[in-house]
1. Could you size up the charge dipole of the chain around its Cα centre, putting +1 on the beta carbon of Lys and Arg and -1 on that of Asp and Glu, and report it in debye to the nearest 20?
2. In 5 Å bins starting at zero, report the fraction of Cα pairs in the chain per bin as a rounded %.
3. Roughly how many Å is it from the Cα centre of the stretch 18-67 to that of the stretch 108-129, as a whole number?
4. With unit charges on the beta carbons (Lys and Arg positive, Asp and Glu negative) and the dipole taken about the Cα centre of the chain, which residue among Val137, Gly87, Ser120 sits farthest to the positive side?
5. For Lys21, Lys123, what's the fewest-to-most ordering of other Cβ within 10 Å of each Cβ?
6. Below 10 angstrom from the Cβ of Ala126, what's the summed charge of the other residues (Lys, Arg +1; Asp, Glu -1)?
7. Can you give the local net charge around Ala171? Use residues other than it whose beta-carbon is closer than 12 angstrom to its beta-carbon, Lys and Arg +1, Asp and Glu -1.
8. Please work out whether the stretch 8-70 counts as rounded, prolate or oblate from its C-alpha gyration tensor, where a ≥ b ≥ c are the square roots of the eigenvalues and a/c under 1.5 means rounded, while otherwise a/b larger than b/c means prolate and anything else oblate?
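Readers should treat all values here as calculations from the given coordinates under stated rules, not as data from a laboratory. Everything numeric here is computed off the predicted structure, so don't read it as measured data. No Cβ is skipped: glycine too gets one built from the backbone with ideal geometry, and neighbour counts run over all protein chains shown.
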Amino acid sequence: MDRTAPPLATIAAALRREREKAGISLTELARRAGIAKSTLSQLEAGSGNPSVETLWSLGVALGVPFSRLVEPPTPAVRVIRAGEAPGVRSEQADFTGILLSVGSRHARRDIYLVELDPGSFRKAEAHIPGSVEHMIVARGRVRTGPAAEPVELRPGDYAAFPGDVEHVYEALEPDTLVVLVMEHPD
């Protein structure tokens, strides 16, 4: 399974659903997200290859968490076997985000498994106001946090930082693996 291939059908349905729920046109959403209308049209048609950055921009423009755009409806018992969950690649760095769990409409939190490798860093734009990121390093070392004051974390280390400001993720060792929990306000 190609874990770097985004779940295009899920993304297409979610973008249409959230855009219609917000009552905005393709043109307006593209403008708010800072992407081309043709790109958004392709994504809603289930084609294209959206990056993490594009999906985050769309989520912020719609006022919804990233997870709502990439997570299909889940059954009562859900198991994700190692290596089987789809991931979304970054354009900026060797970074793949794998969504493991989405919070309910009342508990707005999402859990990701993130694989990183050294060589470049990923700069994330601010998420929905009031968002908080929680990170635990499972393997390797990472520099993360607000762009103005990142911290270095080692295996077993935990950090929490505002997700509603520009922030960074940078692997300091090959095969770095972190668990990232995103909290979003209701």
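1. Values: 21 positive and 25 negative charges, 127 e Å.
Charge dipole, the chain, about its Cα centre: 600 debye, nearest 20.
2. Pair shares across the bins are 1, 8, 16, 22, 21, 17, 10, 4, 1.
3. After rounding, the separation between the Cα centres reads 18 Å.
4. Of Val137, Gly87, Ser120, it is Gly87.
5. Lys21, Lys123
6. Details: positive: none; negative: Glu125, Asp164, Glu166.
Result for the local shell: -3.
7. Values: positive: Arg122, Arg139, Arg141, Arg143; negative: Asp94, Glu115, Asp117, Glu152, Glu170, Glu173, Asp175.
Spelling it out: positives minus negatives among the neighbours equals -3.
8. Numbers: a/c = 1.18, a/b = 1.08, b/c = 1.09.
Rounded, because the longest to shortest axis ratio a/c is under 1.5.
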